[in-house]
Amino acid sequence: MADDYPKVDRVMGGASGWFSIALPAVLFLYFLGLVPQIAEAPQVRGIEWVPSLGIGLSVLLDGLSLTFALLITGIGTAVTLYSARYLGQHPDYPRFVAYLMMFMVGMLGLVLAGNLISLFVFWEVTTIASYLLIGFNADSAKSRRSALQALLVTGTGGLILLAGMIVLGTVAGSFELVDILSQGDMLREHPWYLAILLLFLAGAFTKSAQVPFHFWLPNAMAAPTPVSAYLHSATMVKGGVYLLARMNPGLGGTEAWFWILTLFGGVTAVFASVMALRQTDIKQVLAYTTLMALGTLTMFIGAGTHYAIMAAMLFLVVHSLYKAALFLMIGIVDHATGTRETGVLGGLSKAMPLTGLAAALAAVSMAGIPPMVGFIGKEFMYKAGLGLGGFGAIWVTVMIFAASVMMFVVAGIVAWKPFRGELRETPHAAHEGPWPMLAGPLGLGALSLIFGLFPGVLAHYFVGPATHAVFGEVREVHLYLWGGINMALILSLLTFLAGWLMYRRHEAIRHRLIRIEQGSRVNFDAGWDRVLDGLKALAAWQTRLIQTGNLQTYMAVIFASFTVLVGTTFLLRGGMGSGINYEADGVHPIQWTVLALIAMGAILATITSSRMTAVAALGVVGIGVALIFIMFSAPDVAITQLLVEVLVVVLVALVMLRLPHLPVRSASGFRAGHAAIAAAFGILSTLVMIAVLQTPFDRRLTDFFEIASWPEAHGRNIVNVILVDFRATDTFGEIVVVVMAAVGAYALLRGAPGAKPTPEDEEPVQVAAADKGEKV
Amino acid sequence: MELLLALTIGVLMASSVYLMLDRNVIRFLFGLILLSNAANLVIFLSGRLTAGAPPLIDEGAYAPTGVVANALPQALVLTAIVIGFGLLAFTLALVYRTYRSLGTVNSDEMRVAEPVSAPKTTPHPDPAAAPGTPPASDPTLDKTDATTTPTGGEARA
Amino acid sequence: MQSLILTTATRLLVALLLVFSIYALLRGHNLPGGGFIGGLIGATGFILYVIATSVSDARSALRADPANIAMLGVGIAAFSGIMGAFAGDAFLTGQWLFLFAAEGEKGLPLSSVLVFDVGVYLAVFGGILTLVFAMEEEI
């Protein structure tokens, strides 16, 4: 990262820096204190959040979540310490810290959540934090693009995951992980199993950057180095792996699970390790090796045997330790020399001995050389691969072998070559990094060594309980550095040999890879751009189609869809029932007359082009409706209707009188299509009304009001009692609406341009009018 | 009678929908008035019709004697009428204000927020050029000819 | 609209309509009437006054700004709802006080429900007059 920003005078990032270091450190110690307890028995704690939907903030503490929590807080401490020195003088450092803390909280929530929905919420928090952190250098278009790409890929995956979670929660009858995971046998038999699995995998694969969704991760290296170390290698991208591991007891163990995970994981691992060799920027090399690690983890979780899960959990810890250290190391080198190009760097061990030591510790672990814990990790991966049956064993073992050889080569490129030989010319003169930046990589490297020498601690407190949580049953987990001469050891030795041979020729291999890539048509990143362009074109097309900005079209669509939807439901549900029971007897001639007047008034209002006729016709309709209310025993309603009708006519006539040129003629003559919609709507209304009248009438509410009106509410007019007592809250809302409408109309009328011309307004208005006259 | 009223409701609904599908917002407003009448009748009819027995309790009685009309839909319709009036008055003010500001009652020409394409054909709300008072040369109150109004004619030209 | 007959008759009619509107309001709990109807009748009376004379005359006859009357109505309705809280009841629960009540007779009933209806009356009355005055003045 370039240092060309205006520096702010802060020691270790000031208050926000110290806070950001203290928080993960304290949390780390807290979680560390829980380790012995959790190693014995997992725990569920929690509070309710939306109990009606079964969503709670329960916390699931077991070996898996605690291991993740320790990685998040532990590496978090190293990274924040490092950032305080690395970015502490950046003007936006406090913002950076805020994002980083947001991420940390989200990630902790993700791994500790005991409920699918809260897990999803935290999942999205990490996605958003990642977006903000990748785009931290918002001045750079490349950063912004990378950030958006990461957000869209993982965000889309997140939404698909949410769909999967809802289906799973519905099938299992609970969103609590404990309840779901205990129903594994039922879930695997369920007809929706495959759908759930695919939806979950879409979420996990995008988050953990499996091929073909991998392309966002190398681009995400646009973020500042501590972010790459923390989010995009040690923690966030492992969120998908965490989800797979977490769901293993519930969804794992089927053929589909095995083959999808091992195939995608294996392809990702090998593809990424080959791509790593092609890179010249060491940070990009590390990004691709992260992909390789994610593929490996996915593959082993898919393999599903006890040994495979154990290997995955072990490798999870191993990888986080060495990869975070290497990222932080390359950050120091970049900071000190101004470059990360493998071809430029050399002989740094003389100028930066401590950095070199940290790099060596991490890289030896990465290469899988004893006595580092990486060696144990590789041994157990071989054992797990060989322990599988049939074609799976060959596939996994070959993939692991290929990836391990490449890791060996990459370790050499990253940590051997830049430090060996003569000191080369770099943009800045190389110098040793400051202690806050060295503490993290050295500490992590030391842990790789300690765990390698004392694998029992790792087995008992971390890998064992985590394996138990993922595998679902307790089995002895025993890790050791020396397991005697066996197939795994032989493979390890072959790995070293092949790796050493390839390292010697890695420059030539790289040139060849670059040539292959240039000749290749397959480019995921460019494909992504085409997908986005297509999406934009689609959005533009459907906006043009749907959002015409034409009121008439909107209304037509609304009424037509209403008619079609209600009409279809009506027909499908047999709405007509027993048909129409026509009983014309007992209809008084006056009733006939009133109904005929209403209908004629409505039709007249529709067809007339004279507005006074229209207003009068509307008045006829209103009075007719009031007469119906009178005839059918609704005196209060009738009075209200009459009074309102008078007011309506007064107001409409008032506006019409004052605006002599307001045309009421239809703007486009007779419109057959609209007439058809209107007729269908009217016919449907009548049919629905008839159907309603045929259903038995439910008088419960009416009976209650009739009985309670006098004894309880002391009123003899039941309608008014309902209005002011039983349903007074409704009425209260309604008078507020009336007053709001009045005030709103008042505000609209006040200050309307040209309203009530004042003497000084008169002249320009006439000019404007004359102007119009000439044009016409 | 119920059947006949249902038919009348159908006619009201059809008329109001046809009016609301017009480009002229005044006619839209008329449609709105008819629609609220129709909706009130729907609620009223759904509660069934009872002739000659208003929902009142006689002096001295504790509950209505005999069958009386359903009070609940009446209460709903009563408030709906008043609310409908509020809505209508607000819409009327809106139409009036729109006409004053944009000089048109044709919804197609109200395109300030979403101009169609070339800005020339868009009637921008220019307060100075807005037709403060439409030409006063027309004596008849019932004049309905759209071409003499400051509306669409020239916007299209 | 200057018509001597209308102007003269309106003074009487407005007074009558206002009295009638209050009558409709008060009897509303037991017979057809109530706050909505009362408010509408009262507003109609003043609209008649506006038509016969002018808005400024109507405004001065009304003394208060109709928008204030409407707001006062909403406030009174809300207050009547809060009265229930003193008795520990939910919002808008009716509170009754029967003066001179005897066996079998409810006497003169005073209630928060009546206060609420008065609020409805004022809100409808003020709201409609706000509208009509604005229409008359601004158009």
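So the values come out like this:
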| quantity | calculated |
| --- | --- |
| Average partner coverage of C:114-127, which counts Cβ from other chains inside 10 Å | 5 |
| Relative contact order, percent, chain C [alpha-carbon distance under 8 Å, six or more residues apart] | 28 percent |
| Other protein chain Cβ atoms within 10 Å, averaged over every residue that makes up A:548-560 | 5 |
| Charge sum, other residues only, whose C-beta stays under 14 Å from A:M292's C-beta, Lys/Arg counted +1 and Asp/Glu -1 | +4 |
| Cα-based Rg of the stretch A:361-488 normalised by 2.2 N^0.38 Å, two decimals | 1.29 |
| Reference-scaled alpha-carbon Rg (2.2 N^0.38 Å with N residues) for the stretch A:253-504 | 1.00 |
| Per-q log10 I(q)/I(0), the stretch C:4-138, q = 0.10 Å⁻¹ (Debye; single scatterer per alpha-carbon; no solvent) | -0.40 |
| Helix runs (DSSP H) in chain C reaching 30 Å along axis by Cα, Kyte-Doolittle at least -1.0 | C:4-27, C:66-86, C:112-138 |
| Selected from C:L18, C:L31, C:L40 as most flexible by GNM, with chain C as the system and alpha-carbon contacts under 10 Å | C:L31 |
| Between the stretch C:106-135 and the stretch A:92-111, the alpha-carbon center distance in angstrom | 56 Å |
| Of C:F116, C:F86, C:F20, the one that fluctuates the most in a GNM where chain C has Cα springs shorter than 10 Å | C:F86 |
| Selected from A:A325, A:G346, A:S448, residue furthest toward positive end of dipole (the stretch A:253-504; charges at beta carbon) | A:G346 |
| Among A:187-200, A:205-218, A:696-709, the order from most to least packed when residues are scored by Cβ within 10 Å on average | A:205-218, A:187-200, A:696-709 |
| Length-normalised contact order of chain A in % [C-alpha pairs under 8 Å, at least 6 apart] | 10 percent |
| The stretch B:23-120 - convex hull of the alpha-carbon atoms, volume per residue in Å³ | 126 Å³ |
| Angle between chain A longest axis and helix A:589-607 axis [Cα atoms, degrees, rounded to 10] | 60 degrees |
| Links that overshoot a 22 Å alpha carbon limit, given the list A:K283/A:K536; A:K283/A:K383; A:K207/A:K323 | A:K283/A:K536; A:K283/A:K383 |
| Selected from C:A61, C:A24, C:A78 as most flexible by GNM, with chain C as the system and alpha-carbon contacts under 10 Å | C:A61 |
| On Cα atoms only, tilt of A:435-453 relative to the major axis of chain A in degrees | 70 degrees |
| CD proxy at 222 nm, helix term only [per DSSP H run n ≥ 4: -39500 (n - 2.57); per residue of chain A; nearest 500] | -24000 deg cm²/dmol |
| Average other protein chain Cβ within 10 Å of Cβ, residues C:41-51 | 2 |
| Estimated vicinal HN-Hα couplings, Hz - the stretch B:57-67 in sequence order (Karplus 6.51, -1.76, 1.60; Gly, Pro = x) | 9, 5, 3, x, 8, 9, 8, x, 8, x, 7 |
| Whole-number Å³ per residue for the convex hull built on Cα positions in the protein assembly as shown | 253 Å³ |
| The stretch A:253-504, relative contact order in percent, only Cα pairs under 8 angstrom and at least six apart counted | 26 percent |
| Between the stretch A:534-552 and the stretch A:441-505, the Cα center-to-center distance that results, in Å | 57 Å |
| C-alpha long axis of helix A:93-112 to longest principal axis of chain A, angle in ° | 90 degrees |
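Quick note: the coordinates plus some simple rules give every number you see, no bench work behind them. As the structure is a prediction and not an experimental result, all values here were calculated from the model. Positions of Cβ are backbone-derived with ideal geometry, glycine not excepted, and every protein chain shown enters the neighbour counts.
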